[in-house]
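Right, one structure below, let's go through it.
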Amino acid sequence: MKKLLLGARSAIVIVLCSFSSIASLKAAEAGKQQEAVFEKVVKVQIKYLIYLPDDYAKQDSWPLMIFLHGAGERGDHLDRVKVHGPPKLIAAGRKFPFLVVSPQCPKDKWWDPRELRELLDDLVEKYKIDRNRIYLTGLSMGGFGAWAWAAEQPRRFAAIVPICGGGDPEKTRRFGQLPVWVFHGGKDPVVRIEQSEKMVEALKKNGGNVKFTVYPDAGHDSWTEAYDDPKLYEWLLEQKRSDEAAKP
């Protein structure tokens, strides 16, 4: 089994909704309530890297980790995604006991949880994924994306790991019991550590299940040390959602 499948040219095309221009069944008349139809087709293309464990065929289901990259890796060349994080480790020969999916955000765009949701639905249909053990992580822009997606689908993930990101503290109420491990560099000049601190404090205020690791001397790159730490993956694999909570 190849370590990387659906490589540099892989993509998924998703129809988000079936809605083309406004079309009424017949010409509208003043003073009457009449039937009408609105249709529009929206197509989204998401390129991604996918890694399957060497013994993928030997088990009925596997955990899945989704990795969201930072702003510098946006575009339409998947090799960019291998610059940091798990895709970089996999390219260097690292083995993981779970599937790893690393989508690429188009140039000049930000992570859209609605589009990512469609990607995840498709992955669950195509691969042997344990719906109770889906993990989400991301760095910088991807850290913001992880916070946002967790707020959009709080029941979908077993755990999230946002690194040097941030979000809306009010939305942490939606996933107060979701296991969260946050990482940030104490000297980050790009995304100030306060961004993570306010999310962590909001979770704690709501009784959240949160861990917070600060690398005191690290700048923006707090992800290299975080993703190099085997304890992160051990912790992830300990997290599991109930069958009921894992429903989309």
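Take the conditions at pLDDT 95 or above and either surrounded by fewer than 15 Cβ atoms within 10 Å (Cβ to Cβ) or under 29 Å from Ala91 (Cβ atoms) (or both) and apply them to Ala158. Does it pass? Yes.
Scanning segment 131-152 for residues that are part of a strand (DSSP E or B) and of a type outside the set (A, V, I, L, M, F, W, C) gives Arg131, Asn132, Arg133, Tyr135, Thr137, Gly138.
Selection within segment 175-211: residues that are modelled with pLDDT of 95 or more, surrounded by fewer than 17 Cβ atoms within 10 Å (Cβ to Cβ) and of a type outside the set (Lys, Arg). The member of this set that is farthest from Val161 (Cα to Cα) is Pro189. Among the residues examined, Leu49 qualifies as touching a Pro at 6+ places or on another chain (Cβ under 7 Å) and at pLDDT 80 or above. Within segment 90-122, how many residues are within 22 Å of His220 (Cα to Cα), surrounded by fewer than 19 Cβ atoms within 10 Å (Cβ to Cβ) and among the hydrophobic types (A, V, I, L, M, F, W, C)? Qualifying residue count for the region: 1. Which members of segment 95-130 meet the condition of being part of a strand (DSSP E or B) and over 20 Å from Lys47 (Cβ atoms)? Passing the criteria: only Asp130.
The values are calculated or read from the model by the stated rules, or taken from the named source; none is laboratory data. Keep in mind it's a predicted model, so treat the numbers as computed, not measured. Cβ coordinates were reconstructed from backbone atoms using ideal geometry, including for glycine residues, and neighbour counts include every protein chain displayed.
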